Amino acid sequence: MDLRQMEVVVAVADTGGFTAAARRLHVVQSAVSGTVRTLERELGTALFTRTTHRVGLTPAGEAFVPAARQALRAAEAAREAVDAAKGELRGRVTVGTMQGVWADLHLALAALRAEHPRVGVRLRQAAVADIRQGLREGTVDLAVVALDRRQQRGLVTRLLAREEMVLVASHRRTLTASGPGGRVDLADIAELPQVEFTPGWAIRDAADRSFRAAGVERATAFEVNDIVAASELVRADLGVCVMPPTIAGRFPDLATYRFTRHAPTWKVMVVRPPGEPPAAAAALLRHLN
């Protein structure tokens, strides 16, 4: 058994097929199939179930793939250690993030590229549940996300920012605001048409918690999974939307209002699996603050 065989099996498991794995690995499909068959003969068991329409993992395959990922990560870490000893950091770091959660991530990536130009970066934008799964499986090295306390279990976390969210509205909409800077109350805006993000988004979860804490229900007019789409709906005065100020600031033509109390908040943090991070990931972590 060698690392190349492990890499092929992991590629088939990730892509769900031999043809897709061959495209990822830049080889012909017969080479992928032959490698898997050779390894299965060596192990004395099948790793995949093969049907006309799909390829799935057998119980043996389910056990093999996580161990193969760990072995591939260890080999990559060994290569990175040698490169670091030579003063030449190489490798690749996979960074997970959620839409709208940047927290100056681009500045850290620019600093990493300037310091270590041979380190490749793969950005993976996904829902927080998928990112956490990637962190557990080793397909994501670190992530910049907004997590609640329950979601942080089993991960190493470091706080990057804490934001109190604001309400975003069209300038054509007149809202009853009071106090310095024009603040609004959750109860006053609850009956307005709301532009909401889909359940599972950190922004939506924070808004849900705050409205529950205030004891009011709101009327959802639109549900979207894209920040630009939300801003367009607000711009057309079809509803109002709760957003973090760092996101609302991207749309200066929209009016923003702070909340009097029960303001939705989120914590943006960098998270990673426990243990010593790979050298490339450690280099990026040093630039995230």
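Taking the stretch 83-98 as the range and being of a type in the set (D, E, K, R) and over 25 Å from the mean Cα position of the chain (by Cα) as the test, the residues that pass are 83, 86, 88. Per the listing 144, 166, the residue uniquely in contact with a Gly (Cβ under 8 Å, 6 or more places away or on another chain) and not acidic (Asp, Glu) is 144. Of everything listed in (1) without any contact (Cβ under 8 Å) to a residue 12 or more places away in the chain; (2) farther than 20 Å from residue 67 by Cα; (3) surrounded by fewer than 15 Cβ atoms within 10 Å (Cβ to Cβ), the single unmet condition for residue 22 is (3).
Every residue, every condition in (1) outside the structural domain of residue 229 (by TED's automatic domain parsing); (2) among the acidic types (Asp, Glu); (3) touching a strand residue (DSSP E or B) at 6+ places or on another chain (Cβ under 6 Å), yes or no:
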residue	(1), (2), (3)
137	yes, yes, no
142	yes, no, yes
146	yes, no, yes
197	no, no, no
202	no, no, yes
206	no, no, yes
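Residues that are modelled with pLDDT of 80 or more, under 13 Å from the mean Cα position of the chain (by Cα) and under 30 Å from residue 62 (Cβ atoms) occur at least once in the stretch 110-122.
Please verify whether the stretch 165-176 includes one or more residues that are among the hydrophobic types (A, V, I, L, M, F, W, C), part of a loop (DSSP other than H, G, I, E, B) and more than 26 Å from residue 287 (Cα to Cα).
Of all residues in the stretch 165-176, those among the hydrophobic types (A, V, I, L, M, F, W, C) come to 165-169, 175.
Narrowing further to those that are part of a loop (DSSP other than H, G, I, E, B): 165, 175.
Next, from what is left, pick out any that are more than 26 Å from residue 287 (Cα to Cα): 175.
Yes, some residue in the stretch 165-176 is among the hydrophobic types (A, V, I, L, M, F, W, C), part of a loop (DSSP other than H, G, I, E, B) and more than 26 Å from residue 287 (Cα to Cα).
Let's see how each residue does on (1) surrounded by fewer than 14 Cβ atoms within 10 Å (Cβ to Cβ); (2) modelled with pLDDT under 90; (3) charged (D, E, K, R):
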{"residue": "13", "(1), (2), (3)": "no, no, no"}
{"residue": "33", "(1), (2), (3)": "no, no, no"}
{"residue": "39", "(1), (2), (3)": "no, no, no"}
{"residue": "52", "(1), (2), (3)": "yes, yes, no"}
{"residue": "62", "(1), (2), (3)": "yes, no, yes"}
{"residue": "65", "(1), (2), (3)": "no, no, no"}
{"residue": "99", "(1), (2), (3)": "no, yes, no"}
{"residue": "106", "(1), (2), (3)": "yes, yes, no"}
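Any chance the stretch 77-89 includes a residue that's surrounded by 15 or more Cβ atoms within 10 Å (Cβ to Cβ) and at pLDDT 85 or above? No - not one qualifying residue is present in the stretch 77-89. In the stretch 220-275, the residue that is surrounded by the fewest Cβ atoms within 10 Å (Cβ to Cβ) out of those that are among the charged types (D, E, K, R) and either assigned to a loop (DSSP other than H, G, I, E, B) or out of contact with any strand residue (DSSP E or B) (no Cβ under 7 Å at 6 or more places or on another chain) (or both) is 253.
Filtered by the rule that a residue be under 27 Å from the mean Cα position of the chain (by Cα) and among the aliphatic types (A, V, I, L, M), the stretch 1-22 gives 6, 8, 9, 10, 11, 12, 13, 20, 21, 22.
Being at pLDDT 80 or above and either surrounded by fewer than 18 Cβ atoms within 10 Å (Cβ to Cβ) or assigned to a loop (DSSP other than H, G, I, E, B) (or both) is the filter; apply it to the stretch 139-153 and report the residue that is nearest to the chain's Cα centre (by Cα). Steps first, answer last, please.
If we filter the stretch 139-153 for residues that are at pLDDT 80 or above, which is where we start, we get 139-146, 153.
Now restrict to residues that are either surrounded by fewer than 18 Cβ atoms within 10 Å (Cβ to Cβ) or assigned to a loop (DSSP other than H, G, I, E, B) (or both): 139-141, 153.
Numbers: 139: 12, 140: 9, 141: 11, 153: 16 Å.
Filtering the stretch 139-153 for residues that are at pLDDT 80 or above and either surrounded by fewer than 18 Cβ atoms within 10 Å (Cβ to Cβ) or assigned to a loop (DSSP other than H, G, I, E, B) (or both), the one nearest to the chain's Cα centre (by Cα) comes out as 140.
Of all residues in the stretch 140-194, those that are of a type outside the set (Val, Ile, Thr), in contact with a Pro (Cβ under 8 Å, 6 or more places away or on another chain) and over 22 Å from residue 213 (Cβ atoms) total 4. Evaluated against (1) basic (Lys, Arg); (2) in contact with a Gly (Cβ under 8 Å, 6 or more places away or on another chain); (3) more than 28 Å from residue 200 (Cβ to Cβ), residue 86 falls short on exactly one condition, (2).
All conditions in (1) crowded, with 19+ Cβ neighbours inside 10 Å; (2) in contact (Cβ under 8 Å) with a residue 60 or more places away in the chain; (3) not in a strand (DSSP E or B) hold for residue 207, with the sole exception of (2). Given the options 187, 161, name the one that is touching a residue at least 60 places away in the same chain (Cβ under 8 Å) and either assigned to a helix (DSSP H, G or I) or not hydroxyl-bearing (Ser, Thr, Tyr) (or both). So the residue among 187, 161 that is touching a residue at least 60 places away in the same chain (Cβ under 8 Å) and either assigned to a helix (DSSP H, G or I) or not hydroxyl-bearing (Ser, Thr, Tyr) (or both) is 161.
The values are calculated or read from the model by the stated rules, or taken from the named source; none is laboratory data. Please read all numbers here as calculations on a predicted model, not as lab measurements. We place every Cβ from the backbone using ideal geometry, glycine too, and count neighbours over all the protein chains shown.
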